[in-house]
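> Starting off with a structure, shown below.
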Amino acid sequence: MRGYSSPSKTGVGEGVFEVEGVVKRINNSGEEQVLARTLLTRSLYVNGSVSNENDWGVLTAQHLDLGPAQIDGPGSILQLVQTNQPYLRTDGCSSNTLLTEARGETDSDNQLGLRIWPVLNRTLPPSNLYAISPKIDEHIWSFDDTENECGPRRNRSSICIRDKTDSRRRAPMDVIRDGNSVRIPATAICPGHSGDCHVYVEHINLQKNSRLLIENDSRPVVLHMELPQGASPSPSGMSGGIQLGNNAQICGVNTGSNLCNNQPERLVITASSGDSPQNCQPSQQQLKIQGLSLPSAMVSLPRGSVHLTGDTQVRGMIWSHAFCANGHQLKLTTTDIDSNQHLSVHAGELWEWKNSGFTGIGRTINRGILGTGIDTFRQW
């Protein structure tokens with residue numbers, strides 16, 4: 001093998017292979033003489049797939065501040081790197097080197113370094129993986145139990161909605177309040193639609209013991225941390241992100257229930273916009289969590305970031321441009337609470353990933369399937 005030109009950053013596309021053959025004559029004194037050279041250049045369609053649940057990138061980021069993380073269940077920590085220089089040293093693939101490059105600690109998992117897998121020049125999956133039969137809810141939502149309330153002066157509301165082209169916010173009429181919990185029934189968002197429901201939120205800041213419950217058993221719900229196309233700018237005080245305190249919570253629930261249903265594939269937090277932060281400084285499209293504030297969810301922020309503001313437990317998978325532990329521990333559970341199957345199985349079935357050509361992100365096996373061009377054969 002003389003050379004190989006890899007496909008696009010998605011791992012799928014045209015790969016060019018160069019195979020060189022050499023004919024030599026060696027005389028009695030051991031001297032070599034090259035008689036002929038040949039070079040075969042072949043183009044193949046290369047498809048990379050994750051074949052094992054242990055190889056799935058359950059926590060994937062380009063900028064990784066891992067901290068003392070713990071992965072409960074199968075899966076790898078995928079670090080999307082821009083240079084391979086740290087890994088070319090003699091100890092470049094050692095557990096210590098992998099931990100150092102990912103800013104990880106071994107307090108909770110002595111095998112943490114062995115879960116890290118650096119990948120060169122790869123990008124995160126697009127957020128449209130979570131769309132099959134999408135419908136966008138007609139309102140833009142915001143939630144804040146500290147300030148930024150809306151509604152009449154004598155009946156202020158911490159939950160607000162506005163129309164896409166109107167900056168004036170008002171309290172929704174069809175949510176169900178029960179003490180510190182607010183449940184959004186399926187009839188309140190994307191009414192009459194049985195497919196995936198996409199809700200745009202311009203601000204969530206829950207710092208008290210508030211619980212935001214979203215019915216998602218009849219159809220999955222995708223929360224977009226951004227404005228929909230063509231929307232008027234956000235009013236003053238809207239952050240464009242989600243921040244949850246230790247006693248606050250967002251989770252999916254079954255119809256009429258206030259108990260989290262622990263089905264992460266049915267509650268997705270995503271955003272296609274953002275400023276792709278290269279560090280853990282404040283940026284757009286930030287998800288800040290701690291404790292059990294987000295017990296079960298799939299997170300897909302290809303240009304955003306996830307920040308821990310305390311020790312955190314999540315059942316799901318996290319794909320973000322930046323992951324910042326900030327010295328706190330993430331315990332990430334990667335199996336279904338009932339069947340104990342890997343979450344990629346349930347998510348792949350629900351979102352029909354195979355039909356869209358998505359074969360996973362993680363440690364891949366690359367297969368050359370069909371030729372995409374004419375073979376060239378040179379001899380000299």
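The values are calculated or read from the model by the stated rules, or taken from the named source; none is laboratory data. Here the structure is a predicted model, which is why all the values come from computation and not from measurement. As a convention, Cβ positions derive from the backbone with ideal geometry for all residues, glycine included, and neighbour counts pool all protein chains shown. With ligands, DNA and RNA removed, areas are computed over all heavy atoms of the protein, side chains included. Shrake-Rupley method; radii C 1.70, N 1.55, O 1.52, S 1.80 Å.
> Could you work out the mean projected area of the convex hull around the alpha carbons of the chain, in square nanometres to one decimal?
One quarter of the hull surface, i.e. the mean projection, equals 23.6 nm².
> Tally the DSSP beta bridges in the stretch 77-230 and give the antiparallel ones as a percent, rounded to 5.
The antiparallel fraction comes to roughly 35 percent.
> Something else: Calculate I(q)/I(0) for the stretch 167-294 by the Debye formula, one identical point scatterer on each C-alpha and no solvent, and give its log10 at q = 0.18, 0.21 Å⁻¹ to two decimals.
Debye curve over Cα of the stretch 167-294, log10 I(q)/I(0) at q = 0.18, 0.21 Å⁻¹: -1.10, -1.47.
> Now for a separate question. Report, to the nearest whole %, how much of the accessible area of the stretch 269-366 belongs to carbon and sulfur atoms, 1.4 Å probe, protein only.
In the stretch 269-366, the share of accessible area belonging to carbon and sulfur is 42 percent.
> Tell me, what HN-Hα J-couplings in whole Hz come from the Karplus equation 6.51 cos²θ - 1.76 cosθ + 1.60 at θ = phi - 60° for each residue of the stretch 52-66, using x for Gly and Pro?
Listing the rounded values in order: 9, 5, 5, 8, 5, x, 6, 10, 10, 7, 7, 9, 10, 10, 6 Hz.
> From the backbone phi of the stretch 118-131, what are the Karplus-calculated ³J(HN,Hα) couplings (6.51 cos²θ - 1.76 cosθ + 1.60, θ = phi - 60°) in whole Hz, Gly and Pro given as x?
3J(HN,Hα) across the stretch 118-131, in whole Hz: x, 10, 8, 6, 10, 10, 6, x, x, 6, 6, 4, 9, 7.
> What Cys residues in the chain have no fellow cysteine's beta-carbon under 4.7 angstrom?
That list is C93.
> Amide H neighbours of S232 under 5 Å, at least 5 residues apart or on other chains, H built in the peptide plane: list them.
For S232, the qualifying residues are T165, D166.
> Kindly rank 18-24, 333-339, 118-124 from highest to lowest mean number of other beta carbons found within 10 Å of each residue.
Order by mean packing, descending: 118-124, 333-339, 18-24.
> Here's something else I'd like to know. State whether the stretch 79-135 is rounded, prolate or oblate according to the following rule on the C-alpha gyration tensor (a ≥ b ≥ c being the square roots of its eigenvalues): a/c under 1.5 gives rounded; otherwise a/b larger than b/c gives prolate, and the remaining case gives oblate.
oblate
> While we're here: Just order 206-219, 141-154 by mean Cβ neighbour count inside 10 Å, highest at the front, would you?
Highest-to-lowest ranking by the protection proxy: 206-219, 141-154.
> Taking Rh as the Kirkwood radius, which is the inverse of the mean 1/r over Cα pairs, what is the Rg/Rh value for the stretch 113-246?
Value, to two decimals: 1.02.
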